[in-house]
Amino acid sequence: MSPLRRMRWAGLGGLLLAYILVRAQAVPIDTDKTKVKVGTPEEAQKAEYPDTGLYYDRYFRQVVEILETDKHFREKMQAADIEDIKSGKISRELDLVGHHIRTKLDELKRQEVSRLRMLIKAKLSGPESSAIDRKALIKQFNHLNHMNPNSFEPQDLDMLIKAATKDLENFDKERHDEYKRYEMMKEHERREHLKTLTEEQRKAEEAKYEEMKKKHKDHPKINHPGSQDQLKEVWQETDGLDPNDFDPKTFFKLHDTNGDNFLDEQELEALFTKELEKAYDSKNEEDDMVEMEEERLRMREHVMNEVDVNKDRLLDLQEFLAATQKKEFLEPDGWEMQEEQPYTEEELLEFERHISQTEDDLKRKKEDLDRQQEELEKQQQHIQAQRQELQQVVQQMEQKKQQQSLPSIPEPGSQYQPAVDHAGHLGVGKPLPPGHLPEAVVPHSQSAP
């Protein structure tokens, strides 16, 4: 089973260590084969790996996949511990891998550099590109060496390990921060809505709000995450098995859904669904499903802190079985849901000031854009008027040119008098008939007295 299945949670350091553990001989697990369906290695290999959420996720996956195909590197990983991986010691083994492996890694890095260049170019061509520091932007892409864009070196593997480990270790914190922002925005919008109401309406809305909070708290007891009661409930209601036959080894195998002999954080979080359904229902107005996911995260963090002895963000069978022998497993305290708001009033006020400042900035930008649009429309109208005037001038010039090129044609009804030369001929070379001299050459007789 490839370690890529777990890279979403542990970072490359934990990922490669998990790879070592998976490739090693696993401790046999006694299971009731009439109840447990175990997938074949081929089916496990075909399992869809979760996305790490890293912006260099694809590059990350491909590097690991290529390195897995080299026998020498695979053997070195089996002999290394997690500190050797995180410190970069394992990266020096890259110089000893096969030439065809290095060639694949070189080509992969060139593709990644090309992709990053396109991202940087797109960023710098944006509307706010003038305020962007190009050098600072490039430094953000710290998972490879930009100074050498053509070959994948030990430094690149070292940078990838450290960047992925750091980024993924911050994942839970980012989830908590995102939830805090969500809750502050929800409260901000509620308060803004109250400002639009009358005093009577405001009191009614506040009473409804308190009633919703009270209704949400009225739910069945929540079992302590990772306790015997909680696991037995999953065993009975999810797995459909007799609680009297509960067996920790069999339970572990049932919920190791990818068959790699570990419970990762995703598999662990799935165990808390039955408990969370006691307090949250998407059909209820008083239940917030975003809050439910925050509670799921709290449960998982609690179990990991209690059970994950080697802090590799994975639970192996030995850690799991050891936890089932503790007093906390057999006689747990009740689990208290997080009822208090995850922020202080000062944090909310600062959040609202930031929103107000952002809205003011957006308003000013909109006003500037409206003025620019108005100016552009005026310029367009002026240009259109000039174009029409020019078209009229061109049309007039064309008409005059056509009039000058056509012969003069007498108007209907006008008296036509042919031109006569001094020889008494009409037109050119044609004599007039006798008695038909033109009036211009015939003397006028005096009228009789």
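The values are calculated or read from the model by the stated rules, or taken from the named source; none is laboratory data. Computed from a predicted structure; not experimentally measured. Because the Cβ atoms are built from the backbone with ideal geometry, glycine has one as well, and the counts that use them run over all protein chains shown. Calculation scope for accessible area: heavy atoms of the full protein, side chains included, ligands and nucleic acids excluded. Shrake-Rupley method; radii C 1.70, N 1.55, O 1.52, S 1.80 Å.
May I ask for the net charge around residue 394, where only other residues with Cβ less than 12 Å from the Cβ of residue 394 are counted and Lys, Arg are +1 while Asp, Glu are -1? Please list the in-between numbers first.
Details: positive: 387, 400, 401; negative: 389, 398.
After counting each charged neighbour, the total is +1.
On average, how much accessible surface per residue is there in the stretch 228-326, in Å², for a 1.4 Å probe, leaving out ligands, DNA and RNA?
43
What is the magnitude of the charge dipole of the stretch 172-269 about its Cα centre, with +1 placed on the Cβ of each Lys and Arg, -1 on the Cβ of each Asp and Glu, and no other charges, expressed in debye to the nearest 20? Please list the in-between numbers first.
Details: 19 positive and 28 negative charges, 149 e Å.
Once rounded to the nearest 20, the dipole reads 720 debye.
Could you tell me what percent of the accessible area of the stretch 50-175 is made up of carbon and sulfur, with a 1.4 Å probe and every protein chain present?
Values: 3660 of 7200 Å².
Here it works out to 51 percent.
State the Cα centre-to-centre distance between the stretch 313-344 and the stretch 112-171 in whole Å.
Between the Cα centres of the stretch 313-344 and the stretch 112-171 lies a distance of 39 Å.
Quick check on packing: order 347-358, 196-207, 220-231, 148-159 by the mean number of other C-beta atoms within 10 Å, highest mean leading. Working shown, then result.
Working: 347-358: 13.1, 196-207: 10.8, 220-231: 19.0, 148-159: 17.1.
Peptide ranking by packing, descending: 220-231, 148-159, 347-358, 196-207.
Carbon and sulfur: what percent of the stretch 190-304's accessible surface (1.4 Å probe)? If you can, show how the numbers build up before the last one.
Details: 2660 of 5930 Å².
Heavy-atom surface of the stretch 190-304 belonging to carbon and sulfur, 1.4 Å probe: 45 percent.
Determine the alpha carbon to alpha carbon distance for each of 89/121; 135/378; 221/249; 249/278 and list only those over 31 Å. Mind showing how you got there, number by number?
Details: 89/121 35 Å; 135/378 41 Å; 221/249 26 Å; 249/278 27 Å.
Over 31 Å apart, Cα to Cα: 89/121; 135/378.
Output wanted: per-residue J couplings in Hz (rounded whole) for the stretch 347-355, from phi through Karplus 6.51 cos²θ - 1.76 cosθ + 1.60, θ = phi - 60°, x for Gly and Pro.
5, 5, 5, 5, 4, 5, 4, 5, 4
Which peptide among 165-175, 364-374, 249-259 comes first, and what is the full order, when sorted by highest mean count of other Cβ atoms within 10 Å?
Details: 165-175: 15.2, 364-374: 10.1, 249-259: 19.4.
Going by the mean number of other Cβ atoms within 10 Å, highest first, we get 249-259, 165-175, 364-374.
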